[in-house]
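As structure tokens, the structure follows; a few thoughts come after it.
The values are calculated or read from the model by the stated rules, or taken from the named source; none is laboratory data. If you're wondering where the values come from, they're calculated on a predicted model, not measured in any experiment. Cβ sites come from the backbone with ideal geometry, for glycine too, and all protein chains shown count toward neighbours. Ligands, DNA and RNA are stripped out before the accessible areas are found, and what is left, the full protein with its side chains, is counted by its heavy atoms. Shrake-Rupley method; radii C 1.70, N 1.55, O 1.52, S 1.80 Å.
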Amino acid sequence: IPDSNVTEIMKSSFVLLHPSKREGFGLSMVEAACQGVPTILINYPENASVDLVIIEELVSQTPTVSELVGKLHRAYCNQRIYYEKYLANNSR
């Protein structure tokens, strides 16, 4: 989709839930971070994006619904803090 659509979607989002079992460069995570949106990842052995994580408490150690809901709740409650942190990092 066009970049403008991605930007609009990110502006209306408080988190990117990225349940990929196998991921390499983490480009979607980096793109979300540039828009001030944190990513929830699952710590699968072949998910290299976990190594790029900026907010460690949003990495789920299991794919269980209860843990993912907890991460979503944390991201929702702290969305302003995460947004400001990401934008501050992007301005460096």
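Among A48, A32, A75, determine the one that fluctuates most according to a GNM of the chain built with springs between C-alpha atoms less than 10 Å apart. Per the Cα network of the chain with a 10 Å cutoff, A48 tops the list.
Using just its DSSP H runs of length 4 or more, each adding -39500 (n - 2.57), the chain gives a mean residue ellipticity at 222 nm of -13500 deg cm²/dmol after division by all residues. Along the axis of the charge dipole computed for the chain (Cβ charges of +1 for Lys and Arg, -1 for Asp and Glu, origin at the Cα centre), the listed residues L87, A48, A32 are led at the positive end by L87. For chymotrypsin sites (Phe, Trp or Tyr not before Pro), the sites in the chain that DSSP calls loop and that have at most 15 other Cβ atoms within 10 Å are F25. Apolar share of the accessible surface for the chain: 56 percent from carbon plus sulfur atoms, 1.4 Å probe.
With Cα atoms as the point set, the radius of gyration and Dmax of region 38-92 evaluate to 11.9, 36 Å. Based on the reciprocal of the average 1/r between different C-alpha atoms, the Kirkwood radius for the chain equals 13.3 Å. Take the chain with all the other protein chains still there, run a 1.4 Å probe, and you get 64 Å² of accessible area per residue.
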